[in-house]
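Note sheet for the following structure.
The values are calculated or read from the model by the stated rules, or taken from the named source; none is laboratory data. Quantities reported herein were computed from a predicted structural model and do not represent experimental measurements. Because the Cβ atoms are built from the backbone with ideal geometry, glycine has one as well, and the counts that use them run over all protein chains shown. All accessible areas refer to the heavy atoms of the entire protein, side chains included, with ligands and DNA or RNA removed. Shrake-Rupley method; radii C 1.70, N 1.55, O 1.52, S 1.80 Å.
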Amino acid sequence: MTPDPFTSDGRRDDAERVTDGQVAKSVRQLLSEDRTCELLGIQVESAADGRARARMRVRPDMVNGHAIVHGGLVFALADTTFACAVNSYGPPVVTASADITFRRPGHLGDDLIAEAVTRSRQGRSVICEVTVRRGDEVIVEFSGRGAQIALRDGAPSAGSNPVPGRPSGRAGHEEHRARPSGADSEAVDGPAVPGHTPGR
């Protein structure tokens with residue numbers, strides 16, 4: 001039996017261990033319904049035990065007017081790798097919020113490699129970090145919070161809100177706008193960030 005990589009406070013204590021190329025069954029099922037990876041040419045190389053690795057080659061149709069890869073597409077690569085990592089445990093998890101820092105531009109022909117590590121799991125809240133590189137150069141740093149969702153008949157429940165205390169349909173806080181639709185109102189234990197009240 002594989003030892004739990006998380007300490008009692010929910011933090012990961014095996015930061016140096018790498019995934020060996022396996023892809024968890026839950027991730028294979030997730031990817032079987034994912035058309036975005038096919039559209040962008042994202043290849044998931046591994047996803048298990050809260051870690052994932054994926055790659056994407058920058059094509060001519062991915063470059064913007066500045067002759068660099070469109071930031072939204074790099075975000076998609078990072079978010080996909082995040083999803084593979086946090087869903088490798090089994091229960092379905094969606095992105096509730098994310099922060100991205102662009103360190104360097106990507107260019108036509110670049111082979112971008114994203115690596116994700118789940119850093120914390122507490123209740124239904126998951127924190128995962130993703131680094132996107134071109135060779136040894138860091139292109140993007142991405143940090144996301146995932147919310148475990150409740151399924152009803154194999155699909156997310158409709159018309160509910162994954163962030164407690166936030167009415168659906170109201171503009172305001174960025175995390176509110178970025179939250180996933182279709183998750184149950186009881187999907188997250190506590191606030192988005194421990195010690196932080198959403199909306200402030």
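Label positions at Asn64 and Gln43, each projected 7 Å from the Cα along the C-beta direction, are separated by 2.7 nm.
The local environment of Asp111, defined by Cβ-Cβ distances under 15 Å, has a net charge of +2 under the rule Lys, Arg +1 and Asp, Glu -1. Go ahead and collect, in residue order, the members of region 32-53 whose backbone nitrogen is under 14 Å from a label point 7 Å along the Cα-Cβ direction of Asp111. Inside the label zone: 43-45.
Residues in region 55-156 average 45 Å² of solvent-accessible surface per residue, probe 1.4 Å, ligands and nucleic acids excluded. Here the calculated FRET efficiency for Arg35 and Ser143, from their Cβ-Cβ distance with R0 = 45 Å, stands at 0.95, rounded to the nearest 0.05.
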